[in-house]
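Chemist: Starting off with a structure, shown below.
The values are calculated or read from the model by the stated rules, or taken from the named source; none is laboratory data. A quick note: this is a predicted structure, and the numbers were derived from the prediction, not measured. Glycine gets a Cβ as well: all are built from the backbone with ideal geometry, and neighbour counts include every protein chain shown. Accessible surface areas use protein heavy atoms only, side chains included; no ligands, DNA or RNA. Shrake-Rupley method; radii C 1.70, N 1.55, O 1.52, S 1.80 Å.
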Amino acid sequence: MMYPVVAPSSDVGGPSGYTYACVLVRLDGVPAGALRTRAEVLAALREIRFSGWLAQPEDGWVVAVAASGNGTVAAGRRGVVGVGEWLADRLNATVVAVRVVSDRQLLLAAWLAGEEVGRYVSDPSYGLSDEEDVLPDPLGVEYAAAFAAACGHPPAADELAELLAEQLDPDSVIESERLGALLRLLQLPTWLVAATALPRDVPTGPRAADMTRLGAGVPGIAGWLCGRAVNVIRRRRRPPPAIADPPRGAAGIDPWVF
């Protein structure tokens with residue numbers, strides 16, 4: 001499997017690892033009447049002043065890669081989850097948001113007809129140094145069936161639940177490996193695990209020249225300049241946490257003791 005290059009340390013916000021995020025919009029009319037085009041997705045991303053890249057349609061999906069995997073990438077302090085939520089509502093479409101942070105935390109969220117059907121985080125405690133009582137257990141495994149159905153592969157639900165429930169050994173397995181297995185299982189574009197290769201060509205994926213690059217919703221050279229200017233502010237205005245109130249245990253007690 002081909003993995004992404006190391007993300008800049010300013011984006012990771014911790015030990016070196018892979019940090020990247022994508023939003024996938026389903027174009028094939030699921031739910032009923034929600035037939036969408038790449039042009040509609042592009043227009044919606046421009047409206048929300050999104051910074052990142054929009055790929056060409058592939059197997060009924062179009063992928064938007066966020067310029068900052070774990071930061072603000074659109075108006076209203078929206079990170080990848082906020083962008084996914086807004087697109088689902090704006091387009092009345094099936095939308096999936098994926099985020100990997102330092103290859104130690106995987107987030108998956110999905111919307112169907114504008115309504116969120118589930119949200120998963122592999123380790124809610126990762127990166128919360130000031131909140132050591134947050135439990136590291138995978139959160140949202142129970143939504144596996146909803147994720148599989150949203151992606152058009154309901155029979156994959158049981159295998160997906162096993163994959164999401166597994167607690168990875170950080171010394172030997174990275175979250176990009178879990179994501180790669182998830183993408184193959186749900187028949188989604190597998191090149192997402194190499195998304196941090198952008199703005200260069202993505203290994204095993206699309207050429208950068210075939211993608212539309214947006215900076216604060218503006219394409220081309222002007223967008224590159226706008227994106228740089230807006231990013232100065234967005235770096236200081238972080239998106240809200242993906243899980244507002246994660247499960248907690250007794251502070252200072254190792255949950256694995258019991």
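Chemist: Based on Cβ point charges of +1 for Lys and Arg and -1 for Asp and Glu, what charge dipole magnitude is obtained for the stretch 140-183 about its Cα centre, in debye rounded to the nearest 20?
Modeler: Working: 1 positive and 9 negative charges, 50 e Å.
My answer is approximately 240 debye.
Chemist: Another question, then. What number comes out for accessible area per residue over the chain if the probe is 1.4 Å? Units Å², please.
Modeler: Numbers: 12050 Å² over 258 residues.
That works out to 47 Å² for each residue.
Chemist: If you look at just the Cα atoms of the chain, how large are its Rg and its Dmax in Å?
Modeler: Here Rg and the maximum Cα pair distance are 17.5, 57 Å.
Chemist: Assuming 0.36 nm per residue, please report the length gained on full extension of the stretch R237 to L135 beyond their Cα-Cα distance.
Modeler: On the way: separation 102, 0.36 × 102 = 36.72 nm, distance 2.62 nm.
Going from the current span to full extension adds 34.1 nm.
Chemist: Just read off the accessible area of E40 with the full protein assembly in place, 1.4 Å probe, to the nearest 10 Å².
Modeler: Counting only protein heavy atoms, the figure is 70 Å².
Chemist: OK, next. For the stretch 54-153, what number results from the quotient of the Cα radius of gyration and 2.2 N^0.38 Å? Please list the in-between numbers first.
Modeler: Details: Rg = 14.2 Å, N = 100, 2.2 N^0.38 = 12.7 Å.
Against the empirical 2.2 N^0.38 Å value, I get 1.12 for the stretch 54-153.
Chemist: Additional query: Counting only protein heavy atoms, what percent of the accessible surface of the chain is carbon or sulfur at a 1.4 Å probe? Walk me through the numbers before you get to the answer.
Modeler: Numbers: 6330 of 12050 Å².
Of all accessible area on the chain, carbon and sulfur atoms account for 53 percent.
Chemist: Still on this structure: With charges only on Cβ, +1 for K and R and -1 for D and E, what is the dipole size of the chain about its Cα centre, in debye, rounded to 20?
Modeler: Values: 23 positive and 30 negative charges, 337 e Å.
That gives the chain a dipole magnitude of about 1620 debye.
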